[in-house]
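Okay, structure first, notes after.
The values are calculated or read from the model by the stated rules, or taken from the named source; none is laboratory data. All of these numbers come straight from a predicted model, not from anything done at the bench. Neighbour counts run over all protein chains shown; Cβ positions are idealised from the backbone, glycine included. Protein only, heavy atoms only, side chains kept; ligands, DNA and RNA dropped before computing areas. Shrake-Rupley method; radii C 1.70, N 1.55, O 1.52, S 1.80 Å.
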Amino acid sequence: MSDGINKVVLAYSGGLDTSVILKWLEDTYNCEVVTFTADIGQGEEVEPARAKAEAMGIKEIYIEDLREKFARDYVFPMFRANAIYEGEYLLGTSIARPLIAKRLIEIARETGADAISHGATGKGNDQVRFELGAYALMPDVKVIAPWREWDLLSREKLMNYAAEHGIEVDFAKQSGKSPYSMDANLLHISYEGDLLEDPWNEPEEEMWRWSVSPEAAPDEPTYLELTYEKGDIVAINGEAMSAATVMETLNRIGGENGVGRDDIVENRYVGMKSRGCYETPAGTIMLKAHRAMESLTLDREAAHLKDEMMPRYAKMVYNGYWWSPEREMLQAAIDQTQQVVNGVVRVKLYKGNVIVAGRKSESDSLFDESIATFEDDAGAYDQKDAAGFIKLNALRLRVAAKRRK
C-alpha cells in the first residue's frame with residue numbers, strides 16, 4: 001500500500017512504539033521516513049534518538065531543542081488567559097501538541113514529504129490535536145495514524161514485531177519500565193493507566209517523579225518574588241530569566257515544596273471520561289501569581305470578561321484548536337489586557353500550597369488606598385452616594401416585589 005505516499009515525517013521519540021511505527025511505515029507504505037524529535041523539557045536526552053534512527057537507515061533526521069519556543073510562544077500566552085480546563089487541568093499535554101504539529105508540517109514542506117505520522121492512539125485526544133493542527137497549517141497533508149490502522153494493539157505484539165524485524169529494543173529498560181503511560185514537558189508530567197484506571201484507587205507515592213509529598217515537604221516556607229511584564233514572568237527574586245528558565249526554576253522549587261500534584265477525572269474530546277494524575281509545579285505557581293498580579297492592575301469589567309472567556313479558551317486548547325481563528329481572536333483580546341499587568345507578586349510555598357503573600361505595581365496599580373481605607377479618607381469617597389446607587393440598582397427588584405404582593 002502506498003496511496004501515493006513517497007515520504008513521511010514521523011514524530012519520533014526513539015522508544016519502542018515509534019521505532020515500530022518507523023519500520024511499519026516503510027513496509028506498509030513502501031516510503032521514505034523522515035524523523036523529528038523535539039526536546040520540550042521532558043527531562044530525557046533526545047540525542048540518542050539520532051543513533052537509533054541512523055541504525056534503522058534513516059537519512060533525514062531532525063533533533064531540535066524547542067524548550068524556549070515552547071515556553072515563550074505557547075505556555076506563556078496560555079497562562080496570560082489563566083486557562084484551566086474543567087476547573088482543574090492546566091493543559092500540560094494539550095499545549096505541546098500545536099508546537100509539534102507545526103514543526104511536523106514545516107519539516108514536511110522542507111523535505112518535500114507527502115504525509116506526517118504520529119504515535120497517538122485512536123482513543124485519546126492527541127490524535128485530534130496533532131491532526132487539527134496539521135490540517136489548519138497544510139490543508140492537503142496526508143496523516144498516517146498507525147494505531148488506527150494496524151493490529152499491534154498490545155505491548156507483547158509490539159515487542160514481537162520489533163524482534164521479527166530486527167528493531168533494537170532495550171529489553172532491560174522495557175522490563176523495568178513504569179506501568180503508567182506518561183507524558184512530560186516543561187509544563188507538566190502526566191500519568192495514566194495501570195491502577196489509575198480505577199478512579200477509587202489512590203496514586204502510589206512511588207509514582208510521582210517531580211515533587212515530594214506535601215507531608216515530606218520542608219517545615220519552613222519558601223518565598224519567591226515574581227516580576228511581571230505584560231503578563232509574563234521575566235524575573236525570579238530579581239534575577240532576569242528566559243521563559244524556559246522561569247519554568248525550570250519554578251518546577252524545581254515548587255516540586256521541593258510539594259506543589260503541583262493533581263488527580264483528575266476529565267472529559268476527553270472523543271467522548272469518554274479519563275482519569276489522570278499530573279504534576280505541574282511551575283504552572284500551579286504561575287496561575288496563582290498571575291491572577292494576583294491581575295487583581296491589582298486589571299479593570300474590573302475587563303477582568304470579569306476575561307474570566308468569562310477563559311473556559312472557552314481552555315476548551316479550544318484542550319480540544320486541539322490552537323490554530324483556529326477563534327483562539328487567535330481571543331488571544332489578541334487577552335494580550336491587549338496584559339499591557340498593564342506589570343509588577344511583582346510575592347508567593348509563599350508551603351507543603352503543597354501556593355499562598356499569595358504580597359503584590360505591587362509601581363506603574364499600573366488600580367488600588368487606591370485613600371479610597372479603600374477603613375480610616376478617615378478625607379473626603380475621597382462620599383458614602384452618602386451609595387444610597388442612590390443601591391436604590392437605582394434595586395428598582396427592578398422593588399417593582400417585582402410589589403407585583404407579588
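Could you check, for region 195-206, whether at least one of its residues is over 21 Å from Val354 (Cβ atoms), aromatic (Phe, Trp, Tyr) and surrounded by 15 or more Cβ atoms within 10 Å (Cβ to Cβ)?
Within region 195-206 (the criterion being over 21 Å from Val354 (Cβ atoms), aromatic (Phe, Trp, Tyr) and surrounded by 15 or more Cβ atoms within 10 Å (Cβ to Cβ)), the answer is no, since none of the residues qualifies.
Could you tell me how many of the residues in region 17-62 are among the charged types (D, E, K, R) and either assigned to a loop (DSSP other than H, G, I, E, B) or under 13 Å from Ser117 (Cα atoms) (or both)?
Step one: filter region 17-62 for residues among the charged types (D, E, K, R), giving 17, 23, 26-27, 32, 39, 44-45, 47, 50, 52, 54, 59-60.
Filter again for either assigned to a loop (DSSP other than H, G, I, E, B) or under 13 Å from Ser117 (Cα atoms) (or both), leaving 17, 23, 26, 32, 44-45, 47, 59-60.
Qualifying residue count for the region: 9.
Check off (1) under 20 Å from the mean Cα position of the chain (by Cα); (2) of a type in the set (Gly, Ala, Ser); (3) over 30 Å from Arg72 (Cβ atoms) for Ala163 and give me the number that stays unchecked.
(1)
Quick check: anything in region 237-251 surrounded by 13 or more Cβ atoms within 10 Å (Cβ to Cβ), assigned to a strand (DSSP E or B) and hydroxyl-bearing (Ser, Thr, Tyr)?
For region 237-251, residues surrounded by 13 or more Cβ atoms within 10 Å (Cβ to Cβ), assigned to a strand (DSSP E or B) and hydroxyl-bearing (Ser, Thr, Tyr): absent.
I want to confirm something. Restricting to region 1-26 and keeping residues that are of a type in the set (D, E, K, R) and touching a residue at least 40 places away in the same chain (Cβ under 8 Å), which single residue is surrounded by the fewest Cβ atoms within 10 Å (Cβ to Cβ)? If you could, list the steps in order and put the result at the bottom.
In the first step, residues of region 1-26 are kept if they are of a type in the set (D, E, K, R); the result is 3, 7, 17, 23, 26.
Now narrow it down to the ones that are touching a residue at least 40 places away in the same chain (Cβ under 8 Å): 3, 7, 17, 23.
Numbers: Asp3: 11, Lys7: 16, Asp17: 17, Lys23: 18.
Only one residue tops the list, namely Asp3.
Looking at Glu60, Glu54, Glu88, can you tell me which residue is open to solvent by 30 Å² or more (accessible area, probe 1.4 Å) and either more than 25 Å from Leu25 (Cβ to Cβ) or of a type in the set (Lys, Arg) (or both)? Working first, answer last.
On the way: Glu60 fails: either more than 25 Å from Leu25 (Cβ to Cβ) or of a type in the set (Lys, Arg) (or both); Glu54 fails: either more than 25 Å from Leu25 (Cβ to Cβ) or of a type in the set (Lys, Arg) (or both).
None of the others qualify; the one that does is Glu88.
Of everything in region 279-312, what is closer than 25 Å to Gln42 by Cβ and out of contact with any Gly (no Cβ under 8 Å at 6 or more places or on another chain)? Give them in sequence order. I'd like the intermediate steps shown before the answer.
Of region 279-312, the ones closer than 25 Å to Gln42 by Cβ are 279-290.
Answer for region 279-312, where residues must be closer than 25 Å to Gln42 by Cβ and out of contact with any Gly (no Cβ under 8 Å at 6 or more places or on another chain): Met286, Leu287, Lys288, Ala289.
Give me a count of the residues in region 252-261 that are touching a Phe, Trp or Tyr at 6+ places or on another chain (Cβ under 8 Å) and either over 24 Å from Pro203 (Cβ atoms) or open to solvent by less than 40 Å² (accessible area, probe 1.4 Å) (or both). Show your work before the answer.
Our first condition is that a residue be touching a Phe, Trp or Tyr at 6+ places or on another chain (Cβ under 8 Å); within region 252-261, this holds for 255, 257, 260-261.
Among the residues that remain, those that are also either over 24 Å from Pro203 (Cβ atoms) or open to solvent by less than 40 Å² (accessible area, probe 1.4 Å) (or both) are: 255, 257, 260.
The qualifying residues number 3.
Would you say Arg109 is in a helix (DSSP H, G or I), open to solvent by less than 20 Å² (accessible area, probe 1.4 Å), among the basic types (Lys, Arg) and under 22 Å from Ser324 (Cα atoms)?
Spelling it out, it is not the case that Arg109 is in a helix (DSSP H, G or I), open to solvent by less than 20 Å² (accessible area, probe 1.4 Å), among the basic types (Lys, Arg) and under 22 Å from Ser324 (Cα atoms).
Can you tell me which of (1) in a helix (DSSP H, G or I); (2) among the small types (Gly, Ala, Ser); (3) at pLDDT 95 or above; (4) surrounded by fewer than 18 Cβ atoms within 10 Å (Cβ to Cβ) is the one Ala289 doesn't meet?
The single condition Ala289 does not satisfy is (4).
Please list, ordered by first then second residue, the pairs with beta carbon atoms under 7 Å, 6 or more apart or interchain, first in region 132-143 and part of a strand (DSSP E or B), second buried (at least 18 other Cβ atoms within 10 Å of the Cβ).
Lys142/Ile5; Lys142/Asp114; Lys142/Ala115; Val143/Ala115; Val143/Ile116; Val143/Glu131; Val143/Ala134
What number of residues within region 63-100 are assigned to a loop (DSSP other than H, G, I, E, B) and either in contact (Cβ under 8 Å) with a residue 60 or more places away in the chain or more than 18 Å from Gly43 (Cα to Cα) (or both)?
Taking region 63-100 and keeping what is assigned to a loop (DSSP other than H, G, I, E, B), we get 66, 81-84, 86-88, 90-93.
Restricting the remaining residues to those that are either in contact (Cβ under 8 Å) with a residue 60 or more places away in the chain or more than 18 Å from Gly43 (Cα to Cα) (or both) gives 81-84, 86-88, 90-93.
Going through region 63-100 one residue at a time, the tally reaches 11.
For every residue, the table says whether it meets (1) modelled with pLDDT of 95 or more; (2) not acidic (Asp, Glu).
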{"position": "Lys52", "(1), (2)": "no, yes"}
{"position": "Lys59", "(1), (2)": "yes, yes"}
{"position": "Tyr62", "(1), (2)": "yes, yes"}
{"position": "Leu66", "(1), (2)": "yes, yes"}
{"position": "Asp73", "(1), (2)": "yes, no"}
{"position": "Phe79", "(1), (2)": "yes, yes"}
{"position": "Asn82", "(1), (2)": "yes, yes"}
{"position": "Glu86", "(1), (2)": "yes, no"}
{"position": "Leu91", "(1), (2)": "yes, yes"}
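Counting only residues that are among the small types (Gly, Ala, Ser) and closer than 15 Å to Met78 by Cβ, how many does region 290-333 have? Before you say what the answer is, go through the steps one by one.
Here is the first cut: in region 290-333, the residues among the small types (Gly, Ala, Ser) are 292, 295, 302-303, 314, 320, 324, 332-333.
The next check asks that each one be closer than 15 Å to Met78 by Cβ; those that pass are 314, 320, 324, 332-333.
Of the residues in that region, 5 qualify.
Just give me the residues in region 197-223 being farther than 27 Å from Glu248 by Cβ and not charged (D, E, K, R), in sequence order.
Looking only at region 197-223, we keep the residues that are farther than 27 Å from Glu248 by Cβ, and these are 197-202.
Answer for region 197-223, where residues must be farther than 27 Å from Glu248 by Cβ and not charged (D, E, K, R): Pro199, Trp200, Asn201.
I want to confirm something. Restricting to region 207-227 and keeping residues that are outside any strand (DSSP E or B) and aliphatic (A, V, I, L, M), which single residue is most open to solvent (accessible area, probe 1.4 Å)? Can you show your working first?
Step one: of region 207-227, the residues outside any strand (DSSP E or B) are 207-221.
Right, trim to aliphatic (A, V, I, L, M) and you get 207, 212, 216-217.
Values: Met207: 7, Val212: 54, Ala216: 71, Ala217: 5 Å².
Of everything passing the filter in region 207-227, Ala216 is most open to solvent (accessible area, probe 1.4 Å).
Contact list please: Cβ distance under 6 Å, first residue in region 335-351 and farther than 16 Å from Tyr223 by Cβ, second residue aromatic (Phe, Trp, Tyr) and in a strand (DSSP E or B), pairs at least six apart or on different chains.
From residues that are farther than 16 Å from Tyr223 by Cβ, the pairs are Val341/Tyr228; Asn342/Tyr228; Gly343/Tyr228.
It is to be established whether one or more residues within region 28-48 are small (Gly, Ala, Ser) and touching a Gly at 6+ places or on another chain (Cβ under 9 Å). Step through it out loud before you land on a result.
Going residue by residue through region 28-48, those that are small (Gly, Ala, Ser) are 38, 41, 43.
If we keep only those that are touching a Gly at 6+ places or on another chain (Cβ under 9 Å) as well, we get none.
No.
For region 103-131, give me the residue count where each residue is of a type outside the set (Val, Ile, Thr) and closer than 26 Å to Gly276 by Cα.
First, the residues of region 103-131 that are of a type outside the set (Val, Ile, Thr): 103-104, 106, 108-110, 112-115, 117-120, 122-127, 129-131.
Now narrow it down to the ones that are closer than 26 Å to Gly276 by Cα: 117-120, 122-127, 129-131.
Total satisfying the criteria: 13.
Take Ser274 and tell me if it is surrounded by fewer than 16 Cβ atoms within 10 Å (Cβ to Cβ) and of a type in the set (S, T, N, Q).
In short, no.
Looking only at region 347-366, which residues are basic (Lys, Arg) and touching a helix residue (DSSP H, G or I) at 6+ places or on another chain (Cβ under 9 Å)? Reasoning before the result, please.
At the first step, the residues of region 347-366 found to be basic (Lys, Arg) are 348, 351, 359-360.
Lys351, Arg359, Lys360, listed by residue number.
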